[in-house]
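Undergrad: Please find one structure pasted underneath; my questions will follow.
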Amino acid sequence: MKRFLQQNFIILVLMNSGNVFNYLFQLTAGRAMTPDEFGSFNALNSMLSIISAPMAIVPLIMARFTAGFALEGMGRVRGLFNQAAKFALAAAVVVGVLGLLAGPLMRDFLHITEMGPIYVSVGMLVVLLLMPVPWGMLQGMQRFTGYGVSGASNACLRFVASLGLLTALGWGVSGAVLCGLIGAAAQTALAMFFLKDLLRVPATPLPPGFHREVGRYALGMVVSSVVGMCLNNLDLILVRHFCPGSEAGLYATAAILGRIAFFGPSVLVSVLFTEAASAKARGQEDNKSLWTSTGMTLLLGGGYALVCFLASKLVVTLLFGAQYEAAGPLLAVIAVAMAMLATANVFFVYSQARGEFGFMWLQGAGVALFAALALLYHESAMQVARMLLISMAFILASTLVWFGMKSRKPRPAS
């Protein structure tokens with residue numbers, strides 16, 4: 001448990017330093033762009049997150065299998081890297097071509113007036129396909145310092161780039177997306193740097209049946225990742241589609257700040273994932289790590305949501321300026337919703353690490369509930385925020401019931 005807490009502390013400091021730079025970037029972008037431009041950028045960013053959701057499983061798959069292969073020798077780990085890198089390069093080419101073809105559709109749906117942001121976004125998708133391979137291997141090898149530093153570098157350089165591209169040059173939505181591309185490229189380069197010793201190791205063939213095992217595990221992870229990305233981004237897209245541009249900008253401001261309640265404590269689950277996967281391999285439950293992570297998530301996410309609920313207008317004004325003060329009531333609702341999702345996410349990640357995907361039905365039901373409610377009630381951004389809160393409350397409650405029922409089931413004798 002001491003090692004578990006130490007690793008959590010390293011990740012909490014390094015990854016949340018990255019989150020600090022993420023929010024500094026959003027503050028810079030919010031002040032450098034009009035509310036309409038800011039809403040356009042965050043809607044585009046959310047669409048990219050949903051499109052790239054399948055890529056989010058790659059670091060977890062790499063971490064899960066790297067952890068096992070490392071016990072057999074680094075040759076197997078190098079063999080895993082070689083195959084994963086070839087697959088990522090091929091996928092990057094396909095996604096790049098498809099992205100360019102679908103670009104006009106994305107532009108029209110989000111009411112963006114130029115293709116520049118779309119072209120840069122396609123480039124970012126290509127880099128996002130390459131980055132997860134080395135980054136996930138760092139996690140699986142428990143090199144959490146390199147994992148955290150490379151992850152934080154993304155947000156740091158994104159913020160630094162925003163000072164030049166947005167504040168000084170005023171490049172608007174295209175400049176904001178380009179900042180993300182610069183950050184993602186830096187993260188990929190640094191992750192490779194921390195794996196430089198692996199590149200000198202001769203590759204060993206992977207075990208028979210490996211690809212079949214990866215396929216089964218990846219299928220569940222893809223579905224879960226896509227649904228999870230929808231939970232975190234669908235509201236921004238719907239508000240941008242249904243509400244006036246200025247109102248969508250206010251919602252984007254509240255959503256950016258409110259999601260701190262989710263992303264702040266969620267960096268801890270990267271350590272929980274590795275611990276749970278290792279415990280599964282040893283035939284253990286390791287509920288102690290689960291409940292420790294849950295408690296820390298409630299403390300961090302719930303504490304932040306409480307501050308936003310009590311002083312939402314003050315938080316918005318201090319960080320984004322008086323022009324966004326009207327986003328305060330939205331922040332109070334969204335922060336509570338995100339704290340609920342962060343708590344449920346601890347159980348999702350724990351189950352993913354153990355190859356148990358029953359929770360996906362609850363995730364899917366939550367997305368369907370939110371989409372249905374938002375389609376019925378979208379006269380204002382506040383209505384959409386309230387529908388989000390109702391959906392997150394449903395997800396958390398049903399997740400706790402599901403996990404409790406699953407835990408009471410008798411385990412088959414080993």
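The values are calculated or read from the model by the stated rules, or taken from the named source; none is laboratory data. Treat the numbers as computed from the prediction; the structure is a model and nothing was measured. All Cβ positions, glycine included, derive from the backbone under ideal geometry; neighbour counts span all protein chains shown. Just so you know, the surface numbers come from the protein's heavy atoms only, side chains and all, with ligands and any DNA or RNA stripped out. Shrake-Rupley method; radii C 1.70, N 1.55, O 1.52, S 1.80 Å.
Undergrad: Kindly indicate whether W171 is open to solvent by 30 Å² or more (accessible area, probe 1.4 Å) and in contact with a Leu (Cβ under 7 Å, 6 or more places away or on another chain).
TA: yes
Undergrad: Here is a further query. Return the residue satisfying two criteria in turn: it lies in the stretch 272-300 and is modelled with pLDDT under 75 and either among the hydrophobic types (A, V, I, L, M, F, W, C) or within 18 Å of the chain's Cα centre (by Cα) (or both), and of such residues it is most open to solvent (accessible area, probe 1.4 Å).
TA: Applying the filter and picking the extreme gives A281.
Undergrad: If we scan the stretch 247-257, do we find a residue that is surrounded by fewer than 24 Cβ atoms within 10 Å (Cβ to Cβ), in a helix (DSSP H, G or I) and either of a type in the set (A, V, I, L, M) or touching a residue at least 24 places away in the same chain (Cβ under 8 Å) (or both)?
TA: yes
Undergrad: Give the residues of the stretch 118-147 that are among the aliphatic types (A, V, I, L, M) and more than 22 Å from L195 (Cα to Cα), sorted by residue number.
TA: Of the stretch 118-147, the ones among the aliphatic types (A, V, I, L, M) are 118, 120, 122, 124-131, 133, 137-138, 141.
Passing the criteria: I118, V120, V122, M124, L125.
Undergrad: Within the stretch 40-61, identify whether any single residue is more than 18 Å from the chain's Cα centre (by Cα) and in contact (Cβ under 8 Å) with a residue 40 or more places away in the chain, and answer yes or no.
TA: For the stretch 40-61, residues more than 18 Å from the chain's Cα centre (by Cα) and in contact (Cβ under 8 Å) with a residue 40 or more places away in the chain: present.
Undergrad: Taking F87, is it of a type in the set (A, V, I, L, M, F, W, C), in a helix (DSSP H, G or I) and either open to solvent by less than 20 Å² (accessible area, probe 1.4 Å) or touching a Ser or Thr at 6+ places or on another chain (Cβ under 6 Å) (or both)?
TA: no
To keep it simple, each residue is scored yes or no on (1) among the aromatic types (F, W, Y); (2) open to solvent by 10 Å² or more (accessible area, probe 1.4 Å); (3) under 24 Å from Q26 (Cβ atoms); (4) touching a Phe, Trp or Tyr at 6+ places or on another chain (Cβ under 8 Å).
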site: V95; (1), (2), (3), (4): no, yes, no, no
site: T113; (1), (2), (3), (4): no, yes, yes, no
site: V120; (1), (2), (3), (4): no, yes, yes, no
site: W135; (1), (2), (3), (4): yes, yes, yes, yes
site: M141; (1), (2), (3), (4): no, yes, no, no
site: G151; (1), (2), (3), (4): no, yes, yes, yes
site: N154; (1), (2), (3), (4): no, yes, yes, no
site: V160; (1), (2), (3), (4): no, yes, yes, no
site: L166; (1), (2), (3), (4): no, no, yes, no
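Undergrad: Name the one entry in A305, A322, A332 that is touching a Cys at 6+ places or on another chain (Cβ under 7 Å), more than 25 Å from A67 (Cα to Cα) and without any contact (Cβ under 8 Å) to a residue 60 or more places away in the chain.
TA: Among A305, A322, A332, only A332 is touching a Cys at 6+ places or on another chain (Cβ under 7 Å), more than 25 Å from A67 (Cα to Cα) and without any contact (Cβ under 8 Å) to a residue 60 or more places away in the chain.
Undergrad: What number of residues within the stretch 355-414 satisfy the criterion of being farther than 19 Å from A339 by Cβ and either among the aromatic types (F, W, Y) or touching a strand residue (DSSP E or B) at 6+ places or on another chain (Cβ under 7 Å) (or both)?
TA: Total meeting the criteria: 4.
Undergrad: Within the group V223, V177, which residue is surrounded by fewer than 19 Cβ atoms within 10 Å (Cβ to Cβ) and either in a helix (DSSP H, G or I) or in contact (Cβ under 8 Å) with a residue 60 or more places away in the chain (or both)?
TA: V223
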